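Provided herewith is a single structure, encoded as structure tokens, for subsequent inquiry.
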Amino acid sequence: MNFDQLAEMLFPNVTETPEDLERRYPPRNLPEGAKVTRFAPSPTGFVHFGGLFPSTIGERLAHQSGGVFYLRIEDTDAKREVEGAAEGLIRTLAHYGIHFDEGAILGADGKICDQGAYGPYRQSERAEIYHVYAKQLVKAGKAYPVFTTQEELDALNAVDKKAEIKSKNWQEDSGNRAEEQQKQREITIEEVAENLRAGNPFVLRILADGDPEKKIPFTDLIKGTLEIPENDEDFVLLKSDGIPTYHFAHAVDDHLMGTTHVVRGEEWLPSLAKHLMLFRYLRFKLPKYLHIAQIMRLDENGNKKKLSKRDMGANMDDYSRMGYAPACVCEYIMTLLNSNYEEWHAQNPEKPYTEFPFNIKKMSNSGCLFDFNKLNDVSKNVISKMTAEEVTSQVTEWALQFDPAFGALLQNDPAYAQTIFAIGRGGKKPRKDLATWADAKGYMGFFFDELFRIEDQIDATFEKTDIRKALEEFLATYDPADEMQVWFDKIKAITDKLGYASDMKAYKADPAAFRGNVADVSMFLRVAVTGKQNAPDLYTVMQILGEGRVRARIQKMIDSL
Ligand code: GLU
């Protein structure tokens, strides 16, 4: 077989050479040790938690090393593409602080466009580039065409959209495969010419030289040292429409775009032998690989399951609706990514996570466990350190979108909202009431008459007359101008008058001697004023509510008894 002639017949319009492309996309001029990473999603839907995870790794590795992080859109499967998914993906990632230095970006018109010298960054626009390397492989006798008639192809496609890759069944049936593969490899130049004349489509297959009995030693930066059986499958490089398969596009793109570290899901590990073969055939330098394990979750029975697309917590857009602040989600991801993150954070509470020395070696190779409880804990910590102003503005923004009536209340008097959110903030031990912005309404809704209601009842063991007396006495002596100590001394005086104990020590020594204690009296007041048994500091609450509201609520409680 004359391979030069075959290459010309298959790719008559390809005039460029790999050398031309190498010149057009020269190695990047970056400092020693700088990593070039990418996120390479297929635009087939929303951003999954399992997508934010690797993109955070890629982003950290690149930006921590003074390198480049870019976005490549892998849109070679038009049938699976979802309109607007790529644009949505860029927006969602930006919401979580994932910014790309280069690649597909959102233009001013809200549409995708390219930024950077290594594009195009959408695979659907790179057909000519792939064909240059395809032609080279044919010339080197390392790839060959397999023809079908258009009718055959249509019939196969009607059954299964991936049919052409599986065509003639040999991939499925390894018994026949070697034989079928051998037959197809023996196509003659005359047969090729005849098929081309008839206008028959072809797929381009690699000519595999591997022996699965032999193993290639391979080091994955997460999985460690592996033994990969060599590839003997003549897998498809170009589909019949000239579009590359993932394998071929991966090799060409990551080479030309200068990727140093490929971060991707472990579902690609079984294909690695194919990629090693391609990089070898094409004489490309192999990048480093990080194959990351699937994220797990616990099911109702406490068993570990893969976090699937349909699971709660999978779709990143849900987090916005649930009111998780991006900063909290990012912080949580860091705790999942590196086992020593929390320790570092405890030692450096003021530093942003971007200053954490992220280390590949500290990553789990068996899959992290996604857990809402942990996310909520992390989130409460993060929010407890925000300023009241920041919390007010974020809660308001969230509420205006997802709970407009509440949003309107907050927006109506931002200074009032901010005073409320300032309660217990600052100090060494800030309050940790909010895990999400959606928690805000339950926490501080009682500050608004529109939302105030009695949620917790006063324990039925207390005499109604005691409660009424306590509330009436409070109203009789209440003066909003009182300092906290004076205010509390008045409550203590009421307590003693009722036959309750104002001295907790005395109460604990002999509870039977009293009808109750000062904490109970405070609780009567708290329920009357906030509708809850648990609320922030009551003195502060009353100060913020103001005399009118305090008196009206206490009176209402008295009337209801
Ligand atoms: N488009 C591939 C995917 O979404 C990318 C894998 C990779 O990062 O190489 O799985």
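Quick one: net charge of Ser308's neighbours, Cβ under 12 Å, K/R +1, D/E -1?
Net charge around Ser308: +3.
How would region 10-106 be classified by its alpha-carbon gyration tensor: rounded, prolate or oblate, with rounded meaning a/c under 1.5 and the a/b versus b/c comparison settling the rest?
In terms of gyration-tensor shape, oblate.
Rounded if a/c is under 1.5, else prolate if a/b beats b/c, else oblate: with a ≥ b ≥ c from the C-alpha gyration tensor eigenvalues square-rooted, which is the chain?
prolate
Say each of Arg551 and Glu390 gets a label point 7 Å from the Cα, pointing the same way as Cα to Cβ; how far apart are those two points in nm?
Calculated label separation equals 4.0 nm.
Are any of the pairs Lys309/Lys441; Lys215/Lys309; Lys135/Lys285; Lys215/Lys239; Lys139/Lys274; Lys380/Lys441 more than 24 Å apart by Cα-Cα distance, and if so, which? Please report the intermediate quantities before stating the final value.
Values: Lys309/Lys441 29 Å; Lys215/Lys309 34 Å; Lys135/Lys285 20 Å; Lys215/Lys239 29 Å; Lys139/Lys274 20 Å; Lys380/Lys441 15 Å.
Violating the 24 Å Cα-Cα cut-off are Lys309/Lys441; Lys215/Lys309; Lys215/Lys239.
For the residue pair Glu194 and Leu400, what label-to-label distance in nm results when each label sits 7 Å from Cα along the Cα-to-beta-carbon direction?
Result for the modelled spin labels: 7.2 nm.
Ok, one more. Return the calculated 222 nm mean residue ellipticity for the chain, to the nearest 500 deg cm²/dmol, obtained by summing -39500 (n - 2.57) across DSSP H runs with n ≥ 4 and dividing by the residue count.
Taking each H run of at least 4 residues, the total per residue is -13500 deg cm²/dmol.
How big is D for region 420-524, in µm² s⁻¹ as a whole number, if Stokes-Einstein is applied with the Kirkwood radius of its Cα pairs at 4 °C and 1.567 mPa s?
80 µm²/s
Also, quick follow-up: Sort the following peptides by mean Cβ neighbour count (other Cβ atoms within 10 Å, averaged over residues), highest first: 331-342, 359-370. Could you put the intermediate results ahead of the total?
Working: 331-342: 19.2, 359-370: 14.7.
Top to bottom by mean Cβ count within 10 Å: 331-342, 359-370.
Taking Cα pairs under 8 Å and at least six residues apart, what relative contact order does region 1-122 come out at, in percent?
So the answer I get is 24 percent.
Quick one: if the Förster radius is 30 Å, what FRET efficiency do Asp479 and Tyr416 give, using the C-beta to C-beta distance and rounding to 0.05?
My answer for the efficiency is 0.85.
Sticking with this one: How many nm is it between the label spots at Lys508 and Asp101, if each spot is 7 Å from the Cα in line with the beta carbon?
Inter-label distance under the simple model: 6.0 nm.
Looking at the square roots a ≥ b ≥ c of the eigenvalues of the Cα gyration tensor of region 381-426, which shape do they give, rounded for a/c under 1.5, prolate if a/b is larger than b/c, or oblate?
Cα axes put region 381-426 in the oblate bin.
Would you order Tyr118, Tyr96 from fewest to most other beta-carbon atoms within 10 Å of each residue's own beta-carbon?
The most exposed by this proxy come first: Tyr96, Tyr118.
To the nearest 10 degrees, how steep is helix 272-282 against the longest Cα principal axis of the chain, on a 0 to 90 scale?
With rounding to tens, the tilt is 50 degrees.
Continuing with the same structure: Cross-link list Lys362/Lys428; Lys79/Lys288; Lys469/Lys508; Lys385/Lys556; Lys351/Lys428: which exceed 25 angstrom alpha carbon to alpha carbon?
Exceeds cut-off: Lys362/Lys428; Lys79/Lys288; Lys385/Lys556.
So, one more: Cut-off is 10 Å between beta-carbons; in what order do Arg28, Arg126, Arg72 appear when sorted fewest neighbours first?
In order of increasing Cβ crowding within 10 Å: Arg28, Arg126, Arg72.
Evaluate the charge dipole of region 456-496 about its Cα centre and quote only its size in Debye, nearest 20, assuming +1 on the Cβ of each Lys and Arg and -1 on the Cβ of each Asp and Glu.
Here the size comes out at about 120 debye.
Same structure, new question: What's the extension gain from Tyr25 to Ile360 if we count 0.36 nm per residue and subtract their Cα-Cα distance?
Details: separation 335, 0.36 × 335 = 120.60 nm, distance 2.85 nm.
In short, 117.7 nm is gained.
Nearest 10 degrees, 0 to 90: what angle lies between the long axis of helix 388-402 and the longest principal axis of the chain (Cα atoms)?
Helix 388-402 sits at roughly 70 degrees to that axis.
Bear in mind that the values in this text are calculations on the coordinates, not laboratory data. What you see is a predicted model; the values in this text were computed from it and never measured. Please note: Cβ atoms are built from the backbone with ideal geometry, for glycine as well, and neighbour counts cover all protein chains shown.
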